[in-house]
Amino acid sequence: MKKVSAIALSTAMSLSMALPSKVNATSRVDQLLSNMSTRQKITQMLMVDFRYWDEDLSDGVQTTGHEFTKMNDQVRKIVEDYDFGALIYFAQNI
């Protein structure tokens, strides 16, 4: 009986300590979200990669692109202008 009481007390204490941190985390997330624009919320949900990239689209014709192995000004600007949730790097990128 003492073991059961000790386990119950231990569990109750653990739960009571865990709840405030979860509430604080939720409050922090709500605060961050309320300060974000719709654009930021959308781009945070995107995970993008730059496996292939064609810098010259001046003629308006989409091509298949070339392997992206070196950072260029176009991609640098895209990464700086948008708050993507994640960027995927491939072996050929690095």
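The values are calculated or read from the model by the stated rules, or taken from the named source; none is laboratory data. For clarity, every value in this text was computed on a predicted model and none was experimentally measured. With ideal geometry, Cβ positions are generated from the backbone for all residues, glycine too; neighbour counts draw on all protein chains shown.
Tell me yes or no: at least one residue of segment 65-86 is more than 30 Å from Met36 (Cα to Cα) and either under 21 Å from the mean Cα position of the chain (by Cα) or at pLDDT below 75 (or both). Within segment 65-86 (the criterion being more than 30 Å from Met36 (Cα to Cα) and either under 21 Å from the mean Cα position of the chain (by Cα) or at pLDDT below 75 (or both)), the answer is yes, since at least one residue qualifies. Among residues of segment 45-69 that are in the same structural domain as Val79 (by TED's automatic domain parsing) and among the β-branched types (Val, Ile, Thr), those with a Cβ under 9 angstrom from a residue that is in a loop (DSSP other than H, G, I, E, B) and modelled with pLDDT of 85 or more, sequence gap 6+ or separate chain, pair up as Val48/Tyr82; Val48/Phe84; Val48/Gly85. Selection over segment 17-47 of residues that are at pLDDT below 90 and either β-branched (Val, Ile, Thr) or closer than 24 Å to Lys70 by Cα (or both) gives a count of 3.
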